[in-house]
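All remarks here apply to the structure that follows.
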Amino acid sequence: MHYFEYRSGELHAEGVPVRRIAEEVGTPTYVYSLATLRRHYQIFDQAFARLPHLVCFSVKANSNLAVLRVFVRAGGGFDIVSGGELFRALKAGADPKKIVFSGVGKRTDEMEDALRAGILMFNVESQQELRVLNEVARSLGKKAPISLRVNPDVDPRTHPYISTGMKKSKFGIDIKRSVEEYKKALSLSYLEVIGVDCHIGSQLTSIPPFVDALERVKLLLGALRTEGCHIRYLDLGGGLGIRYKDEEPPHPDLYAEAIIRGLGGLNVILILEPGRVIVGNAGILVTKVLYLKETEDKKFVVVDGAMNDLIRPALYGSYQGILPVEERTGETMVADVVGPICESGDFFAKDREIPRPKPGDLLAVMSAGAYGFSMSSNYNSRAKAAEVLVDGESFYVVRERESLQDLIRGEAIPSILH
């Protein structure tokens, strides 16, 4: 459920007409619904209320400080994959003891910052990372709390770019040799082994892959306990999908029921890392129609948003719903909705039947709250979009639109070129 709906023929974000936001802030602009963010977090968190757990929002899905602050105030934690995301989470007021640090390529300076902050846990992904983290912790006179991210070789049945639990994935340690890796971790003096981590992919729309992975991890937990390894945390990652078009992802209650049943009374604190399922349908990208271009073979709706603003359709071939901000009936057209960038991959939709717009009309690209702005870029020297948070009948600019001066900030022409 989300709070974007038509009222008297005008698309609203909660109580605010989307057209009003576009007129005051410009386009393209991301618009987030605070009520939707709160509702989605609450539903997910309450689904696991029967057992000790920590919901660590996946910062990579949407890293705006205001969005992160919503989850801080709700009592949540964060899953981070970089020093920059650590910086953002702390700036938003996160409790360091509710932060887990994932990712295959942590730098030593990022490890140092996380150790100084006192995060809950590092999810370690390789033997070399174990040794480097041990040395960094030794240099700071600290112990690094860790889990190993194990790869259960479970097919998540999702797009290959966001499938992370298969044997050939760059992520994690083969579960078949993970006991030996845990033994090595236990032998390193500046590491404290406290958890097991497993994350199999993103935009999963069925429960069986999660259950399959959990069954394999349970066997690992049993083997580790026979080795005298006391595991306190089980991190099952995120990955629960949302509806973009006609997907039927399970409700968080059904997902939680399957996970709780699968745990079978294991005495661990469960860590969950939802991202898309919380923020995906809580945001839209508002863009303006510039031109209609029609050839003998094709029709195009050219808008001022582009793949630098929202890359998912170009990168994954993914579907994003597109609605007119002013509700229309009557003539439709089949067209590609494309942006101004000099790439044939610059599109939001291909061969999509939509109400025929005219230049100046506003369109809303739906389900854009996850991996939208966070994956945006300055390609073609395009300034990044503004971000807006709506609360009831009020809205707030939570990230200003970049200026042309922002595009060259930090650049310099050396004296030899003067």
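Among the residues of the range 95-108, which ones are over 17 Å from the mean Cα position of the chain (by Cα) and either surrounded by 18 or more Cβ atoms within 10 Å (Cβ to Cβ) or not in a helix (DSSP H, G or I) (or both)?
D95, K98, G105, K106, R107, listed by residue number.
Test D297 against the criterion of being without any contact (Cβ under 8 Å) to a residue 12 or more places away in the chain and out of contact with any Asp or Glu (no Cβ under 8 Å at 6 or more places or on another chain), and give yes or no.
yes
Residue check: is T287 over 20 Å from the mean Cα position of the chain (by Cα), among the hydroxyl-bearing types (S, T, Y) and modelled with pLDDT of 90 or more?
So T287 fits the description; yes.
Any chance the range 252-272 includes a residue that's closer than 22 Å to P359 by Cβ and part of a loop (DSSP other than H, G, I, E, B)?
No.
Tally up the residues in the range 292-335 that are of a type in the set (D, E) and surrounded by fewer than 16 Cβ atoms within 10 Å (Cβ to Cβ), please.
Residues in the range 292-335 being of a type in the set (D, E) and surrounded by fewer than 16 Cβ atoms within 10 Å (Cβ to Cβ): 5 in total.
Consider V277 carefully, then state whether it is surrounded by 15 or more Cβ atoms within 10 Å (Cβ to Cβ) and closer than 30 Å to A185 by Cβ.
No, not satisfied.
What are the pairs with Cβ atoms under 7 angstrom where one residue, in the range 203-223, is more than 19 Å from G238 (Cβ to Cβ) and assigned by TED's automatic domain parsing to the domain that holds L263 and the other, located anywhere, is of a type in the set (V, I, T) and surrounded by 18 or more Cβ atoms within 10 Å (Cβ to Cβ)? Sequence gap at least six, or different chains.
L220/V150; L220/I175; L220/V196; L221/V196; L221/I231
Please name all residue pairs, on different chains or six or more residues apart, with Cβ atoms under 8 Å, provided the first residue is in the range 391-407 and is basic (K, R) and the second residue is exposed (fewer than 12 other Cβ atoms within 10 Å of the Cβ) and part of a strand (DSSP E or B).
The qualifying pairs do not exist here.
Taking the range 109-133, which residues are outside any helix (DSSP H, G or I) and either outside the structural domain of L236 (by TED's automatic domain parsing) or polar (S, T, N, Q) (or both)?
Across the range 109-133, the qualifying residues are N123, S126.
What's the number of the only condition in (1) farther than 30 Å from G239 by Cα; (2) touching a Lys or Arg at 6+ places or on another chain (Cβ under 9 Å) that C342 fails to meet?
Just one mismatch for C342, condition (2).
Is it true that V136 is modelled with pLDDT under 95 and either of a type outside the set (D, E) or crowded, with 19+ Cβ neighbours inside 10 Å (or both)?
no
Within the range 192-201, track down each residue that is out of contact with any Phe, Trp or Tyr (no Cβ under 9 Å at 6 or more places or on another chain) and not small (G, A, S).
Those that are out of contact with any Phe, Trp or Tyr (no Cβ under 9 Å at 6 or more places or on another chain) and not small (G, A, S): E192, C198.
List the strands (runs of 3 or more DSSP E) that sit entirely inside the range 1-94 and contain at least 3 residues that are touching a residue at least 40 places away in the same chain (Cβ under 8 Å) and closer than 30 Å to I341 by Cα.
The strands (runs of 3 or more DSSP E) meeting that bar are 10-13, 29-33.
For residues that are among the small types (G, A, S) and surrounded by fewer than 22 Cβ atoms within 10 Å (Cβ to Cβ), scanning just the range 186-211, find the one that is farthest from M121 (Cα to Cα).
S206
The values are calculated or read from the model by the stated rules, or taken from the named source; none is laboratory data. Not measured: the values here are computed from a predicted model. Here the Cβ is made from the backbone with ideal geometry for all residues, glycine too, and neighbour counts use every protein chain on show.
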